[in-house]
Amino acid sequence: MTVVEPFGLRVRDKALEADVQAGLAAVEEGLLEATKSEVPFIQEAAQHLLRAGGKRFRPLLVMLAAQFGDPDAPGVVPSAVVVELTHLATLYHDDVMDEADVRRSVPSANARWGNSVAVLTGDFLFARASHILADLGPEAVRIQAEAFERLVTGQILETAGPRDGRDPIEHYLDVLGGKTGSLVAVSGRFGAMMSGADETVVDVLTQYGERLGIAFQLADDVLDIASDSHESGKTPGTDLREGVPTMPVLRLRERAEQLGLAEDIELCELLNSDLSDDARLTEVLTRLRAHPALETARRDTVRYAEEARATLAPLPECDAKSALVQLCDAVVHRAG
């Protein structure tokens, strides 16, 4: 499987570029190995989204974080495989919850084989990730378990919604910290930790990953409205159709409450209606794309990416640090 430069990330140092590419190639091999099964159908389902591609955002962060220690340390590649397997597993489950038809520009597993197979395939991937994790030691198991608890908690909080009196936007940012930030934070932490980097570096890259993960999901929120399916790899408006309160929608509701403009209130009512009708969904997308709430959500993305960049200040100046800064820019560019 050919490895491409994730996010078009380019680094000045050819040795660093070669090292990161070699690491990602090893991760790809590890993912294919981890998703093999003696049962052909299980292997086909487990490799469905893997073979469809993906940005490998989390393994890339593992590889860059490992540059602050020994990038060839034996735990680096397996830990990257663990975080990507975990991420893949959540996609299978998310698509069932969202009733999504497309993922990574191919039919979702639930659309192809049904919800039961999709859920069980996600469980299979979690099991394989745990098997690899067991070889990385009890501390790695604890870190992953805590992150997974946060991930599930974030998903539950999103489903439950904010409690009475809680600001919906603050609630949503907490949701994103769990759902997305937790696993991206582990990516930075594992890369640094497995490479033997100093504990201060491990802490910095954990904080960086948390903020970058939130920025990454906020960019996805914008893409769900602003992009076409070719850009995002999934059907535009999927979150809207399922009633998921993404940041552009929350910013719209905030504006409607604060300003009381008739057109904002009308658009909120339209969002609350049945969006299973394609024509109505298209109307909502068209109006949101031209609405100031979308630009406000873009600014939210930039803010978290800038916070991620600021956390890198204590790290020594080097090509790996420059690449991490570029990663912040790349996440913002996705929402551009």
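The values are calculated or read from the model by the stated rules, or taken from the named source; none is laboratory data. Since the structure is predicted, the reported quantities are computational estimates derived from the model, not experimental observations. Because the Cβ atoms are built from the backbone with ideal geometry, glycine has one as well, and the counts that use them run over all protein chains shown. Please note that ligands, DNA and RNA were not included when accessible areas were found on the heavy atoms of the full protein model with its side chains. Shrake-Rupley method; radii C 1.70, N 1.55, O 1.52, S 1.80 Å.
Would you kindly calculate the mean projected area, averaged across all directions, of the convex hull enclosing the Cα atoms of region 114-185, in square nanometres? Numbers along the way, then the final one.
Working: hull surface 23.9 nm².
Mean orientational projected area (region 114-185, Cα hull): 6.0 nm².
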Note to self: Taking amide H atoms as placed 1.01 Å from N in the peptide plane, list the residues 5 or more away in sequence, or in a different chain, whose amide H sits under 5 Å from that of G196.
What the structure shows: D70
Check: To the nearest µm²/s, what D does Stokes-Einstein give for the chain at 37 °C and 0.692 mPa s, using the Kirkwood radius over alpha carbon pairs as Rh?
Finding: 160 µm²/s
Note to self: Taking 0.36 nm per residue of sequence separation and subtracting the Cα-Cα distance, how much length would be gained by fully extending the chain between A134 and R163, in nm to one decimal?
What the structure shows: 6.7 nm
Check: Among all stretches of the chain without exposed GluC sites (Glu not before Pro) (DSSP loop, at most 11 other Cβ atoms within 10 Å), which one is longest?
Finding: 39-316
Check: What residue among I143, S187, V117 has its Cα farthest toward the positive end of the dipole of region 2-335, where the charges are +1 on Lys, Arg and -1 on Asp, Glu, each on the Cβ?
Finding: S187
Check: Separation between the E199 and A310 pseudo-spin-labels, each 7 Å from Cα along Cα→Cβ, expressed in nm?
Finding: 2.6 nm
Next item on the list: Starting from the exponent 0.38 and prefactor 2.2 Å, build the expected Rg for region 66-190 from its residue count and divide its actual Cα Rg by it.
Entry: 1.17
Check: Quick one: which of K36/K179; K55/K321; K55/K179; K14/K55 span more than 23 angstrom between C-alpha atoms?
Finding: K36/K179
Item checked: Simple spin-label estimate for D329 and D101 in nanometres, 7 Å along Cα-Cβ -> 3.9 nm
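According to the Kirkwood expression over distinct Cα-Cα pairs, how big is the hydrodynamic radius of region 29-87, in Å? Show your work: numbers first, answer last.
Details: mean 1/r = 0.0809 Å⁻¹.
Over region 29-87, the inverse of the mean reciprocal pair distance is 12.4 Å.
What percent does the relative contact order of region 1-147 come to when contacts are Cα pairs within less than 8 Å and at least six residues apart? The partial results should precede the final answer.
Numbers: 151 pairs, mean separation 34.0, N = 147.
Once normalised by length, the contact order is 23 percent.
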Notebook entry, point to check: What accessible area per residue, rounded to a whole number of Å², is obtained for the chain using a probe radius of 1.4 Å?
Noted result: 44 Å²
Item checked: Area accessible to solvent at S108, 1.4 Å probe radius, in Å² -> 0 Å²
Check: Whats the longest run of the chain with zero trypsin sites (Lys or Arg not before Pro) that are DSSP loop and have at most 16 other Cβ atoms within 10 Å?
Finding: 167-336
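Rounded to the nearest 0.05, what FRET efficiency is calculated for E266 and L32 with R0 set to 56 Å and r the Cβ-Cβ distance?
Working: r = 50 Å, r/R0 = 0.90.
Rounded to the nearest 0.05, the efficiency is 0.65.
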Check: For the chain, what is the mean residue ellipticity at 222 nm derived from helices alone (per DSSP H run of n ≥ 4: -39500 (n - 2.57); sum divided by total residues; nearest 500 deg cm²/dmol)?
Finding: -23000 deg cm²/dmol
Notebook entry, point to check: For region 2-335, what is the charge dipole size about the Cα centre, in debye to the nearest 20, if Lys and Arg each add +1 at the Cβ and Asp and Glu each add -1 at the Cβ?
Noted result: 400 debye
Note to self: How far apart, in nanometres, would the label points at V39 and E283 be if each is projected 7 angstrom from Cα along the Cα-to-Cβ direction?
What the structure shows: 4.7 nm
Item checked: Relative contact order, percent, region 2-335 [alpha-carbon distance under 8 Å, six or more residues apart] -> 20 percent
